[in-house]
Amino acid sequence: MNVDHHWENVYQTKSPEEMSWYEAHLATSLEWILEAAPNHSSSIIDVGGGASTLTDDLHVRGFRSLTVLDISPTAIARSQERLGTAAEDINWMICDVTHCSLPNTAFDIWHDRAVFHFLTEQEERSSYVKQLATALKPSGQVIIATLSIHGPRSCSGLAVSRYDAQSLQKEFGAEFRLLKSATLTHQTPSGALQEFLYCRMARF
């Protein structure tokens with residue numbers, strides 16, 4: 001399957017509000033980023049953040065060193081349209097995070113809600129972690145949310161990998177220390193319940 005085409009088709013045929021992972025505002029992500037960010041000059045990347053409103057909420061709070069990465073041009077375009085002139089303050093990247101070119105030691109915070117669990121092959125996960133390790137500053141933090149061990153086995157027509165805090169931290173290796181974790185229940189737009197795992201990790 002061509003992953004790029006799959007996600008572009010998803011975003012071209014559905015509105016963001018129809019996506020199973022949709023939330024009007026990512027309250028937990030925002031809360032944990034504000035905890036992790038030393039100040040408003042913190043450099044933050046939102047991986048898979050295409051149509052998410054997280055960047056809106058960070059921007060309105062005064063953050064300006066913001067990068068949004070997504071595989072879908074349509075998802076990015078929707079956020080740019082929603083943000084209007086504020087979109088000019090954001091660095092937008094359209095690429096697959098597992099093999100795109102990321103700047104070295106550029107980010108204080110790496111945020112990912114609902115990308116990593118789509119990486120079902122070990123090679124993909126290893127590439128993702130390598131990319132993260134390259135792009136994150138030595139003192140950087142990772143805030144990542146995946147479907148939990150009790151979550152669904154597939155999402156948006158694709159198989160997923162499910163995690164608890166220990167198995168997720170293991171994927172990132174000894175270089176990252178688990179600071180906190182939480183399991184939260186998310187209600188999809190259709191009314192179904194999904195269990196998400198949130199983890200916050202710090203680089204040694």
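Laboratory data are not the source of any read-out in this text; all were calculated from the coordinates shown. Predicted model, so just to flag it, every value in this text is computed and none were measured. Counting neighbours? That spans all protein chains shown, and the Cβs are built from the backbone with ideal geometry, glycine included.
By the scheme Lys and Arg +1, Asp and Glu -1, what is the net charge of all other residues having a beta-carbon under 10 Å from that of TRP110?
Details: positive: LYS137, ARG203; negative: ASP46, ASP108, ASP112.
Summing Lys and Arg as +1 and Asp and Glu as -1 gives -1.
Express as a percent, rounded to the nearest 5, the fraction of DSSP beta bridges in the chain (both residues included) that run antiparallel. Don't skip to the end; give the middle numbers.
Working: 20 of 39 bridges.
For the chain, the DSSP antiparallel bridge percentage is about 50.
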- Label-point separation (nm) for THR13 and ALA86, each offset 7 Å from Cα along Cα-to-Cβ? 3.2 nm
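When N counts the residues of the stretch 55-104, how does its alpha-carbon radius of gyration compare numerically with 2.2 N^0.38 Å, as a ratio?
On the way: Rg = 11.3 Å, N = 50, 2.2 N^0.38 = 9.7 Å.
In units of the 2.2 N^0.38 Å rule of thumb, it is 1.16.
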- Item | Local net charge near MET93, Cβ-Cβ under 13 Å (Lys/Arg +1, Asp/Glu -1) | -3
- With the 8 Å Cα cutoff and a minimum separation of six or more residues, the chain has a relative contact order in percent of 19 percent
- Message: Give the lysines whose C-alpha is closer than 27 Å to that of LYS137, dropping any in the same chain fewer than 8 places away, or say none.
- Response: LYS170, LYS180
- For each cysteine in the chain, check whether another cysteine's C-beta sits under 4.7 Å from its C-beta; list those where none does. CYS155, CYS199
- Along its principal axes, what span do the Cα atoms of the stretch 3-203 show, with the longest given first and each in whole Å? 41, 38, 29
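Sort 82-92, 160-170 by packing, meaning the average of other beta carbons within 10 Å per residue, with the highest value first. Before the final figure, lay out the partial values.
Working: 82-92: 13.8, 160-170: 17.5.
Ranked by mean Cβ neighbours within 10 Å, highest first: 160-170, 82-92.
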